[in-house]
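Take a look at the structure below.
Every number here is computed from the coordinates shown, using simple stated rules; none is lab data. Keep in mind that this is a model prediction, so the values were computed, not measured. Don't worry about glycine lacking a Cβ; one is built from the backbone with ideal geometry, like all the others, and counts go over all protein chains shown.
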Amino acid sequence: MDKRFKHTLVAHKICPYSMKVLTVMRHKNVNFEIKFIETHNKPEWFLRISPLGNVPILIIGEEIVISESAAIMEYIDEITPPKLMPQDPLQKAIDRAKFEFSNELIRNLYSFIFSTEQEKFIRQKEWLIKHFKWIEEWLKDGRYINGNQLSLVDLNFVPLFVALNMLKSTLPCDLLKDFKKLQIYGEVIISLPCSKTGRVPDYEFLMIDGIKNQNTVLYRSNPSYFNSDYKPQRCCFFRS
Ligand SMILES: N[C@@H](CCC(=O)N[C@@H](CS)C(=O)NCC(=O)O)C(=O)O
């Protein structure tokens with residue numbers, strides 16, 4: 001990595017795409033600064049440099065900006081060997097397709113979590129359950145997606161399992177109950193050191209706050225769970 005240039009990650013505290021990038025940066029021990037912004041109140045300087053107005057973006061030095069979580073993750077991986085991305089062009093293409101798949105899963109999971117309409121909530125839940133089976137197929141009997149070695153594609157799934165783990169003890173929310181391999185894989189993924197350091201310490205608090213404040217289906221179906229003073233301890237997998 002070129003130490004002449006400062007690397008600044010612009011992120012949002014509960015954005016899962018920001019979490020993926022942060023996870024890779026932690027895994028690779030990259031030296032960087034982080035700036036959090038609010039997506040409902042984006043600063044002018046940010047709107048000038050983020051093509052779609054999305055986080056995360058990575059600013060390198062004074063002028064270079066990379067947007068899109070997958071592009072940033074691959075860039076970080078490339079400049080900090082050993083690479084987590086496979087070398088083989090075919091395997092690379094297969095993994096990039098899985099990056100997209102994971103983005104779609106995460107988008108749908110967040111939409112499920114923050115849904116305020118019962119019908120949409122149920123539709124999203126069914127969609128998620130239908131698509132989880134793909135990860136089980138890819139896992140076969142391996143510890144990770146590409147066998148027994150961690151690769152970049154696995155780090156794409158960190159936000160998915162962090163959010164699922166947070167919701168595990170709520171409601172009919174254990175979406176993984178019929179997916180044994182996925183449960184084990186999820187445990188492996190959230191136990192990675194970089195998955196613990198790849199999110200802000202108040203991630204769970206902020207998520208719970210959002211779930212409550214937006215009066216979501218999740219909240220309405222079990223308000224006492226979300227109102228409990230002890231909630232963050234109970235829902236947070238990592239207590240330290
Ligand atoms: N494809 C993008 C998706 C990023 C994205 O959707 N970020 C959300 C926050 S999680 C965002 O910035 N949304 C803009 C907005 O809410 O206006 C990526 O992978 O980086």
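What aspartates and glutamates does Lys42 reach when the alpha-carbon gap must be under 14 Å and sequence neighbours fewer than 8 apart in one chain are set aside?
none
Quick one: Cα convex hull volume of the range 122-162, Å³ per residue? Spell out each step's value before the answer.
On the way: hull volume 2.8 nm³, N = 41.
Hull volume over Cα atoms, normalised by residue count, gives 69 Å³.
When the convex hull of the C-alpha atoms of the chain is computed, what volume per residue in Å³ does it have? Mind showing how you got there, number by number?
On the way: hull volume 31.1 nm³, N = 240.
Per residue, the Cα convex hull of the chain comes to 130 Å³.
Only Cα pairs within less than 10 Å get springs; with that Gaussian network setup on the chain, which residue of Val188, Val158, Val21 has the largest fluctuation?
The residue that fluctuates most here is Val188.
How are the alpha carbon pair distances in the range 7-79 distributed across 10 Å bins from zero to the largest one, expressed in percent?
20, 61, 18, 1
Between Asp141, Asp95, Asp77, which gets the highest mean-square fluctuation from a Gaussian network model of the chain, Cα cutoff 10 Å?
Asp141
If the cut-off is a Cα-Cα distance under 21 Å, which lysines reach Lys130, setting aside same-chain residues fewer than 8 apart in sequence?
Lys98, Lys120, Lys140, Lys168, Lys177, Lys180, Lys181
Where Rh is the Kirkwood radius over the Cα pairs of the range 155-222, the temperature 20 °C and the viscosity 1.002 mPa s, what D in µm²/s does Stokes-Einstein return?
On the way: Rh = 12.9 Å.
It diffuses with D of about 166 µm²/s by this estimate.
What are the aspartates and glutamates whose alpha-carbon lies under 14 Å from the alpha-carbon of Lys196, with same-chain residues fewer than 8 places away excluded?
Reachable aspartates and glutamates: Glu187, Glu204.
Could you tally the net charge around Trp45, taking each other residue with its Cβ under 14 Å from the Cβ of Trp45, Lys/Arg +1 and Asp/Glu -1? Each step should come with its number before you reach the end.
Numbers: positive: Lys35, Lys42, Arg48; negative: Glu38, Glu44, Glu62, Glu63.
Taking every Cβ under 14 Å from that of Trp45, the sum is -1.
With all pairs of different alpha carbon atoms counted, what Kirkwood hydrodynamic radius in Å does the range 23-128 show? The partial results should precede the final answer.
Details: mean 1/r = 0.0613 Å⁻¹.
Roughly 16.3 Å, rounded to one decimal.
Can you put Ile60, Ile72 in order, fewest other beta carbons within 10 Å first?
Values: Ile60 17, Ile72 22.
Ordered from fewest to most neighbouring Cβ atoms within 10 Å, Ile60, Ile72 come out as Ile60, Ile72.
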